[in-house]
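K.L.:
For reference, the structure I am asking about is given below.
The values are calculated or read from the model by the stated rules, or taken from the named source; none is laboratory data. Predicted model only: the values in this text are computed from it and were never measured. Don't worry about glycine lacking a Cβ; one is built from the backbone with ideal geometry, like all the others, and counts go over all protein chains shown. For accessibility, only protein heavy atoms count, side chains too; no ligands or nucleic acids. Shrake-Rupley method; radii C 1.70, N 1.55, O 1.52, S 1.80 Å.
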Amino acid sequence: MSHDHHDERPQLTLEQIADALNPPAGRNGGDLVVETLQGLGATTVFGLPGQHALGMFDALRRSSLSYVGLRVENNAGFAADAYGRITGEVAPLLLSTGPGALTSLAALQEAAAASAPVLAISSQIPTAGLGGGRHGYLHELRDQKASFRDIVKSVHTVRTASQIPSAIAAAWESALSAPHGPVWIEIPQDVLLAETTLPVVTAMDAAPPVLHPRPELTAVAAHLLSNAERPAIIAGGGVVRSDASGKLLALAEKLDAPVVTTFGGKGAFPWEHPLSLQSWLEDRHTTDFLESADVLLVIGSGLGELSSNYHTFAPRGRVIQIEADAGKLESNHPALGIHADAREALADLLDAVDRREDPSAPDRVRTVLEAVRDRIAGQELTLEQRLIASVRQALPDTSPSFWDMTILAYWAWSAFDARHPNTMHSAQGAGGLGYGFPAALGAAAADRTKPVLAVSGDGGAMYSIAELATARQYDLPVTWLIVDDGGYGILREYMTGAFGEATATELSRPDFVALAESFGVPAVRTTPETLADDLAKSLAEPGPSVVVLPALLRMFEPTHL
């Protein structure tokens, strides 16, 4: 079927034609960057200026884009990642050449692992230096984009001003194609600075294609699920990213199929629903239950290390895997692989399956959850459970939370009730330290109407201290909970378990309360008994705040060893 789009294109008015023939003076390549971003619908950009990128940053002054500048490029990348996750829109990240660009790599790895649509636009050395010659320019790399190619979805190098709008539009479409992810553009310094007489960029269209499932695969999957005796569903981050939680709920209820969410899929299914196995994936009781399913539907998950209880999960029934990332299809288990956006696939399945009634399903779910609770209860971990309950009590239901790699976060992956989809986020995709606080700042920049919570350990917090200045400068409503146990707590635990003692895990650290106050950010030291009240009070106050909890936490015993 062919479509002739020609007639649908917007026709310019005489006034717009006159504007195009007489563009305003004083514009450069940087203006083409910001005009294209505005034309594509961007409203907020993140970044950190540098010498080669100044043309791009100067152009911000002539635009309506809102700029949030962080103090470290990697933190700017984490902020953009969170903005992309929360809004589902592209988050532009403006960076300089060489060290500025490279410092963002760990954040872009997290964006890739978590499918966050980050559009990184970096400067480059002048055009004359491109191509790997050793000219000795400041920040020069032999091939800058080679450092990013393994991480991002696509790379785009611009060599002339007229290439800027198309390169940005192509990257934008790439970032938003399922699965979402980070993309990389680089523009030489001289191209950004050169004056341009090109007309002002008007509205651009870079809508990605929709990734529909193939109908014959949907038919087979629907037949298997409709006739299953013990179906079960694993819902991953793809359900959240594609805004498919409502369709997941409808399908689970139509099939009477129990649902477990991965740590990336937190909030994709109602926690207290009779069919909810919650997200106790690092537990043998859950693993056994999922292995016993005769048909297992996996949506938006590659069943990686954490989702498979460290690759101990061995399904005995038929697996149906719906995944937008083709490389993840059957990457860990043989399956009926369906390459599709989770929302589209769930919509088609919902139409195609027959209603299936299984009054025993809620009882079987309850049995698993009781077994999990009994196992945890036998380990005397009341402090940890109390802290998770206190955070849940203090945090408004619709407020997003961002968790660093820290023991309380590892608890939260399994035990925290994210009451709405797309409200709980962590760095579990790539597993790098320092995510929680800068990510929370990015989420607050996306929506200032509700408080945002960040949770870090003292080790992870030290990665992000500089961003207290950012929080204060932009008056962002982020409350930062720092659990201070004097070191890298989980590494201390791992090493003691493996080697009998820990090395390189103990940390000297500042008085976090005094440090926060020196940035003009109000802070309080709390206790496990007062955490719920202190946290609620800090979240209710406008602007940034810090809550410091000195506590030594333990993890529940693993079941995969």
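K.L.:
Report, by residue number, each residue of region 129-178 that is assigned to a helix (DSSP H, G or I), over 19 Å from the mean Cα position of the chain (by Cα) and touching a residue at least 60 places away in the same chain (Cβ under 8 Å). Spell out the reasoning first.
P.N.:
To start, the set of residues in region 129-178 that are assigned to a helix (DSSP H, G or I) comprises 129, 146-149, 161-176.
From what is left, the residues that are over 19 Å from the mean Cα position of the chain (by Cα) are 129, 146-147, 149, 161-170.
Residues satisfying the conditions are Ala161, Ile164, Pro165, Ile168, Ala169.
K.L.:
Across region 349-384, which residue is farthest from Arg554 (Cα to Cα) among those that are open to solvent by less than 60 Å² (accessible area, probe 1.4 Å) and of a type in the set (D, E, K, R)? Steps first, answer last, please.
P.N.:
Step one: list which residues in region 349-384 are open to solvent by less than 60 Å² (accessible area, probe 1.4 Å), which gives 349-350, 352-353, 356, 358, 360-362, 365, 368-369, 371-372, 375-376, 379, 381, 383-384.
Cutting the leftovers down to of a type in the set (D, E, K, R) gives us 356, 358, 375, 384.
Numbers: Arg356: 42, Asp358: 39, Arg375: 15, Glu384: 7 Å.
Selected residue: Arg356.
K.L.:
When only residues in region 264-273 that are under 16 Å from the mean Cα position of the chain (by Cα) and open to solvent by 10 Å² or more (accessible area, probe 1.4 Å) count, which is farthest from Gly304 (Cα to Cα)?
P.N.:
Gly267
K.L.:
Name, by its number, the condition in (1) more than 18 Å from Pro451 (Cα to Cα); (2) open to solvent by less than 40 Å² (accessible area, probe 1.4 Å); (3) hydrophobic (A, V, I, L, M, F, W, C); (4) assigned to a loop (DSSP other than H, G, I, E, B) that does not hold for Leu433.
P.N.:
Against the list (1) more than 18 Å from Pro451 (Cα to Cα); (2) open to solvent by less than 40 Å² (accessible area, probe 1.4 Å); (3) hydrophobic (A, V, I, L, M, F, W, C); (4) assigned to a loop (DSSP other than H, G, I, E, B), Leu433 comes up short only on (2).
K.L.:
Applying the selection to region 97-111, what residues are surrounded by fewer than 24 Cβ atoms within 10 Å (Cβ to Cβ) and within 14 Å of Ile151 (Cβ to Cβ)? Break it down stepwise before answering.
P.N.:
First, pick out the residues of region 97-111 that are surrounded by fewer than 24 Cβ atoms within 10 Å (Cβ to Cβ): 98-100, 102-103, 105-106, 109.
Residues satisfying the conditions are Leu102, Thr103, Leu105, Ala106, Gln109.
K.L.:
Does region 49-91 hold any residues that are within 30 Å of Ser399 (Cα to Cα), open to solvent by 30 Å² or more (accessible area, probe 1.4 Å) and not in a helix (DSSP H, G or I), and which are they?
P.N.:
Within region 49-91, Ser64, Ser66, Tyr67, Arg71, Val72, Gly88, Glu89 qualify.
K.L.:
Oh, and also: Does Leu387 count as closer than 18 Å to Ser456 by Cα, touching a residue at least 40 places away in the same chain (Cβ under 8 Å) and outside any loop (DSSP other than H, G, I, E, B)? Give the steps one after another, and end with the answer.
P.N.:
Numbers: closer than 18 Å to Ser456 by Cα: yes; touching a residue at least 40 places away in the same chain (Cβ under 8 Å): yes; outside any loop (DSSP other than H, G, I, E, B): yes.
Against the criterion (closer than 18 Å to Ser456 by Cα, touching a residue at least 40 places away in the same chain (Cβ under 8 Å) and outside any loop (DSSP other than H, G, I, E, B)), Leu387 qualifies.
K.L.:
Another question, then. Say whether the condition of being out of contact with any strand residue (DSSP E or B) (no Cβ under 6 Å at 6 or more places or on another chain), exposed (fewer than 15 other Cβ atoms within 10 Å of the Cβ) and in contact (Cβ under 8 Å) with a residue 12 or more places away in the chain is met by at least one residue in region 399-418.
P.N.:
No, there is no match, as no residue in region 399-418 is out of contact with any strand residue (DSSP E or B) (no Cβ under 6 Å at 6 or more places or on another chain), exposed (fewer than 15 other Cβ atoms within 10 Å of the Cβ) and in contact (Cβ under 8 Å) with a residue 12 or more places away in the chain.
K.L.:
Can you tell me which condition Pro208 does not meet? The list is (1) at pLDDT 95 or above; (2) assigned to a loop (DSSP other than H, G, I, E, B); (3) open to solvent by less than 70 Å² (accessible area, probe 1.4 Å); (4) farther than 29 Å from Gly98 by Cβ, and all the others hold.
P.N.:
(1)
K.L.:
Just to verify a result, which residue in region 225-261, among those that are under 29 Å from the mean Cα position of the chain (by Cα) and of a type in the set (Ser, Thr, Tyr), is nearest to Ala430 (Cα to Cα)?
P.N.:
Per the stated criteria, the residue is Thr261.
K.L.:
Could you check region 312-345 and list, in sequence order, the residues that are in contact (Cβ under 8 Å) with a residue 60 or more places away in the chain, out of contact with any Pro (no Cβ under 7 Å at 6 or more places or on another chain) and open to solvent by 50 Å² or more (accessible area, probe 1.4 Å)?
P.N.:
Once the filter is applied, which keeps residues that are in contact (Cβ under 8 Å) with a residue 60 or more places away in the chain, out of contact with any Pro (no Cβ under 7 Å at 6 or more places or on another chain) and open to solvent by 50 Å² or more (accessible area, probe 1.4 Å), region 312-345 yields Arg318, His339, Arg343.
K.L.:
Could you identify the single residue in Pro396, Pro359 that is touching a Lys or Arg at 6+ places or on another chain (Cβ under 8 Å), outside any helix (DSSP H, G or I) and not acidic (Asp, Glu)? If you could, list the steps in order and put the result at the bottom.
P.N.:
Details: Pro359 fails: touching a Lys or Arg at 6+ places or on another chain (Cβ under 8 Å).
From the options Pro396, Pro359, the qualifying one is Pro396.
K.L.:
What are the residues in region 211-252 that are open to solvent by less than 20 Å² (accessible area, probe 1.4 Å) and either modelled with pLDDT under 95 or of a type outside the set (Gly, Ala, Ser) (or both), if any?
P.N.:
Of everything in region 211-252, those that are open to solvent by less than 20 Å² (accessible area, probe 1.4 Å) and either modelled with pLDDT under 95 or of a type outside the set (Gly, Ala, Ser) (or both) turn out to be Pro213, Thr218, Leu225, Pro231, Ile233, Ile234, Val239, Val240, Leu248, Leu251.
K.L.:
Which of (1) closer than 25 Å to Thr527 by Cβ; (2) open to solvent by 10 Å² or more (accessible area, probe 1.4 Å); (3) assigned to a helix (DSSP H, G or I); (4) of a type in the set (A, V, I, L, M, F, W, C) does Ile465 not meet, given it meets every other one?
P.N.:
The single condition Ile465 does not satisfy is (3).
K.L.:
Determine whether Leu297 is closer than 15 Å to Ala222 by Cβ, open to solvent by less than 50 Å² (accessible area, probe 1.4 Å) and out of contact with any helix residue (DSSP H, G or I) (no Cβ under 6 Å at 6 or more places or on another chain).
P.N.:
On the way: closer than 15 Å to Ala222 by Cβ: yes; open to solvent by less than 50 Å² (accessible area, probe 1.4 Å): yes; out of contact with any helix residue (DSSP H, G or I) (no Cβ under 6 Å at 6 or more places or on another chain): yes.
Considered against the rule, which asks whether it is closer than 15 Å to Ala222 by Cβ, open to solvent by less than 50 Å² (accessible area, probe 1.4 Å) and out of contact with any helix residue (DSSP H, G or I) (no Cβ under 6 Å at 6 or more places or on another chain), Leu297 comes out as yes.
K.L.:
Let me ask something else about it. Here are some conditions: (1) modelled with pLDDT of 95 or more; (2) more than 14 Å from Ser538 (Cβ to Cβ); (3) not hydroxyl-bearing (Ser, Thr, Tyr). Ile490 meets all but one. Which one does it not meet?
P.N.:
(1)
K.L.:
Residues that are modelled with pLDDT of 95 or more and surrounded by fewer than 22 Cβ atoms within 10 Å (Cβ to Cβ): does region 474-481 have at least one?
P.N.:
Filtering region 474-481 down to residues modelled with pLDDT of 95 or more leaves 474-481.
The next check asks that each one be surrounded by fewer than 22 Cβ atoms within 10 Å (Cβ to Cβ); those that pass are 474-475.
Scanning region 474-481, I find at least one residue that is modelled with pLDDT of 95 or more and surrounded by fewer than 22 Cβ atoms within 10 Å (Cβ to Cβ), so the answer is yes.
K.L.:
Checking the condition among the basic types (Lys, Arg), in contact with a helix residue (DSSP H, G or I) (Cβ under 8 Å, 6 or more places away or on another chain) and not in a strand (DSSP E or B), which residue from Arg492, Arg448, Arg509, Arg472 passes?
P.N.:
On the way: Arg492 fails: in contact with a helix residue (DSSP H, G or I) (Cβ under 8 Å, 6 or more places away or on another chain); Arg448 fails: in contact with a helix residue (DSSP H, G or I) (Cβ under 8 Å, 6 or more places away or on another chain); Arg472 fails: in contact with a helix residue (DSSP H, G or I) (Cβ under 8 Å, 6 or more places away or on another chain).
Of Arg492, Arg448, Arg509, Arg472, the one residue that is among the basic types (Lys, Arg), in contact with a helix residue (DSSP H, G or I) (Cβ under 8 Å, 6 or more places away or on another chain) and not in a strand (DSSP E or B) is Arg509.
K.L.:
Failed condition for Glu506, given (1) under 29 Å from Leu306 (Cα atoms); (2) crowded, with 20+ Cβ neighbours inside 10 Å; (3) free of Cβ contacts under 8 Å to residues at least 40 places away in the same chain, with all others met?
P.N.:
Among (1) under 29 Å from Leu306 (Cα atoms); (2) crowded, with 20+ Cβ neighbours inside 10 Å; (3) free of Cβ contacts under 8 Å to residues at least 40 places away in the same chain, the lone unmet condition for Glu506 is (2).
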